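Read the structure below first, then the notes.
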Amino acid sequence: MRLSTHPTLDRFDAVPAASYRPGHGAVRAWLYGLAVLVVAMVAIGGATRLTGSGLSITEWRPVTGVVPPLNAADWAVEFDKYRDTPQYRILNQGIGLDGFKTLYWWEWGHRLLGRIVGLVFFLPFAWFWIRGMLGRRLLLGLLGLGLLGGLQGAIGWIMVASGLQPGMTAVAPLKLALHLTTASLILAGLVWLAAGTRPRALAPAPEPVRLFAGLLPVLVLIQIWLGGLVAGSKAGLLYNTWPDMDGVLVPPARVLFDKVPLIENFVDNVALVQLNHRLFAYLVVLAALAHAIQAVRAAPGSAAGRAMGVAALALAQMGLGIVTLLLQVPLWAGLAHQVFAMAVLIMATVHARLSLGVRAASAPEVAEVPIGLETLAGRGA
């Protein structure tokens, strides 16, 4: 179907996107609801890490682990398991049962929410599939996210197991970064699919704007990966000054590259890990600002508004990161910084998806009110 002879709208008709199906409003609401749960999962995971609670449960029991200790004998068994860990012997020796319970409930809540996310994904997914409410592209995308979600559970346990090895008092930074980045990929996938199910047509932005918009979520994901390395290695506690790093803009090479082989410095050298996170933050902000200027000039309207929104969030996130650094990573600031990174990723992903355009939909029998972030980001023409 050709909407117009205008060249921009001609390209719009060729955009590969999900066409309207009955119930897409419900599918869209479900996808955004899942995205909210994933953000909550990231937040509770961050609190679990910052409180040192992630190693309090020493076994992976996907089914029976949903039941917490129910009596004093159960608590004694779990506490004995924890007292056999290196973290207890090196860091928390002497902690009482009440202190252990605080650690335990954070980790148990994180794992419970992971199970809830799985159920909230798979049960409605099966229903929508059976009812024929998922187009081919949407179905394949959801199957991919389901597989990634299952893999994420395994990555989570591999991460925890790394912290139970002899001499370890926390999980391995590389595995923590992988766990956080995989969660972020799932979040980006959910909002990408949700934005593509909007019932109203949207013309694509000009090609240079589309290409730059597609780059921004990739840059944000790389920065989240680098932030995971900072969190896992506690590199945020090393240099707590800005814009310098204890009096210098860049620490000397002998500090940044003191490990052999060289590649290990990018993961285990806390000075280089923090520097990389700082430098890439500047890159993300500069890219977002440059893209906003580009979009305002080349695509005034909804695309420009979304681009300016991404730039504003990126700037705010950098400011929050600086505050977190200067305050030496208090719990509230560390959590806010981690959760706000998800907001930047969501906005960048929605902008990238909508910049591709969305095909004209067959008119639904009942008028729908669009649901989700695409309505906040601009409905376009």
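The values are calculated or read from the model by the stated rules, or taken from the named source; none is laboratory data. Keep in mind that this is a model prediction, so the values were computed, not measured. FYI the Cβ positions are ideal-geometry reconstructions off the backbone, even for glycines, and counts take in every protein chain you see. Protein only, heavy atoms only, side chains kept; ligands, DNA and RNA dropped before computing areas. Shrake-Rupley method; radii C 1.70, N 1.55, O 1.52, S 1.80 Å.
Numbers below:
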{"read-out": "Residues that are at negative phi and among the charged types (D, E, K, R), drawn from region 220-259", "value": "244, 254, 258, 259"}
{"read-out": "Qualifying positions in region 317-328 - open to solvent by less than 50 Å² (accessible area, probe 1.4 Å) and either among the β-branched types (Val, Ile, Thr) or farther than 15 Å from residue 216 by Cβ (or both)", "value": "319, 320, 321, 322, 324, 325"}
{"read-out": "Boolean, residue 196 is over 28 Å from residue 63 (Cβ atoms), open to solvent by 30 Å² or more (accessible area, probe 1.4 Å), among the small types (Gly, Ala, Ser) and in contact with a Lys or Arg (Cβ under 9 Å, 6 or more places away or on another chain)", "value": "no"}
{"read-out": "Members of region 202-227 that are part of a loop (DSSP other than H, G, I, E, B) and under 20 Å from residue 141 (Cβ atoms)", "value": "204"}
{"read-out": "Helices (runs of 4 or more DSSP H) within region 15-113 that include 3 or more residues surrounded by 20 or more Cβ atoms within 10 Å (Cβ to Cβ), of a type in the set (S, T, N, Q) and at pLDDT 95 or above", "value": "none"}
{"read-out": "Index of the failed condition, residue 232 passing every other in (1) modelled with pLDDT of 95 or more; (2) within 19 Å of the chain's Cα centre (by Cα)", "value": "(1)"}
{"read-out": "Residues of region 151-185 classified as farther than 19 Å from residue 222 by Cα and outside any helix (DSSP H, G or I), total", "value": "9"}
{"read-out": "Residue check, residue 279 loosely packed, with under 13 Cβ neighbours inside 10 Å, in a helix (DSSP H, G or I) and at pLDDT 95 or above", "value": "yes"}
{"read-out": "Unique residue being among the β-branched types (Val, Ile, Thr), open to solvent by 20 Å² or more (accessible area, probe 1.4 Å) and either closer than 30 Å to residue 103 by Cβ or within 17 Å of the chain's Cα centre (by Cα) (or both) when the list is 158, 130", "value": "158"}
{"read-out": "Total residues in region 283-309, condition open to solvent by 50 Å² or more (accessible area, probe 1.4 Å) and among the polar types (S, T, N, Q)", "value": "0"}
{"read-out": "Meets criteria (modelled with pLDDT of 95 or more and out of contact with any Lys or Arg (no Cβ under 7 Å at 6 or more places or on another chain)) for residue 238", "value": "no"}
{"read-out": "Any hit, region 172-189, residues being more than 15 Å from residue 349 (Cα to Cα), of a type in the set (A, V, I, L, M) and either surrounded by fewer than 17 Cβ atoms within 10 Å (Cβ to Cβ) or without any contact (Cβ under 8 Å) to a residue 60 or more places away in the chain (or both)", "value": "yes"}
